[in-house]
Amino acid sequence: MATESDISAQLVRNATVLATIDETTFLVDPMFTPQGEMPTVTESPGVPEFLTTANQKRNPLVPLPDVDLDYDAVVVTHRHPDHWDEAAIEELDTDVPLFCQPEEADEFTDDGFTDVRPVDNEATFDGITIHRTPGQHGHGELAEGMGPVSGFVFEAENTLYVAGDTIWYDPVEETLDRFDPDMVVLNGGEAQFEQGEPITMGVDDVNAVRDATDAAIAVVHMEAINHCLLSRGELRSGTQDVVVPEDGEEVTL
């Protein structure tokens, strides 16, 4: 098992995480927009027009915490605006190494980034192997409408699995079996619309992951976006041996 200096995950806000493996830090899914300056999810690019939400609160629901954003590379699981926003485009250095899904590489180049590194199966950076893993952003036709999403496994002497926006389904279990990670970061919040089933993990999904692995588990993607209706308190009450960090909190082994 890893030591504290080998692997950690610091939640910034929503799905924005500083993932550190062997002193290399990846900024995952940067969303830097100030509180309330993004529209409700159903008015966001990439969301099917027929979807509605239980509330119309503007996003993000909470401010960006005071976190030292010191990182070596950026990883984007998918380009929904709560994972990649205009504020990130403006703030990030355009020559930062940026790992992404192959389907979205050209869009990052169009944003002005000059070191875009699409990950088909795997890539390497600073001695760390980065594996792209499957995700399913909901159920049935709704998942198809949400577009492709990915998770990423960061593998060195120790291994971190960032699952991305996915529900519990067979490929997540297969990823856990294949890589036997030391730490897993899950996107919770049980994000949902008034149509269809949840599109990110809820209590049952997190418990399924807990049953499938001995890894340390941290659940992020909580209480920051208007369609994430599951609270941190509800998730903590319904799970055991799972860390649900507050914004700005770091989780280490």
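Some observations on this one:
- Enclosed volume per residue, in Å³, of the convex hull spanned by Cα atoms of the range 56-104: 102
- Dimensions of the range 74-199 based on its C-alpha atoms, expressed as ranges along the principal axes with the largest first, amount to 39, 35, 21 Å.
- Within the full protein context, the accessible area of L176 is estimated at about 10 Å² for a probe radius of 1.4 Å.
- When GluC sites (Glu not before Pro) are flagged only if DSSP places them in a loop and at most 14 other Cβ atoms lie within 10 Å, the longest unflagged stretch of the chain comes out as 50-156.
- Computed from backbone phi, the HN-Hα couplings of the range 110-127 come to 4, 6, x, 7, 9, 10, 7, 10, x, 9, 6, 10, 8, 8, 10, 7, 6, x Hz, rounded to whole numbers (Karplus: 6.51 cos²θ - 1.76 cosθ + 1.60, θ = phi - 60°; Gly and Pro given as x).
- Normalised by the number of residues in the chain, the mean separation of alpha-carbon contacts (under 8 Å, six or more apart) gives a relative contact order of 21 percent.
- Inter-part distance where the range 32-89 and the range 155-215 are each reduced to a Cα centre, Å: 21
- Kirkwood hydrodynamic radius of the range 1-80, Cα pairs, Å: 14.4
- Rounded to whole Hz, the Karplus (6.51, -1.76, 1.60) HN-Hα couplings of the range 216-232, x for glycine and proline: 5, 10, 10, 10, 10, 6, 10, 6, 10, 10, 5, 9, 8, 9, 7, 7, 4
The values are calculated or read from the model by the stated rules, or taken from the named source; none is laboratory data. This is a predicted model, so every value here is computed, not measured. Cβ coordinates were reconstructed from backbone atoms using ideal geometry, including for glycine residues, and neighbour counts include every protein chain displayed. Heads up: the accessible areas ignore ligands, DNA and RNA and are worked out on the full protein's heavy atoms, side chains in. Shrake-Rupley method; radii C 1.70, N 1.55, O 1.52, S 1.80 Å.
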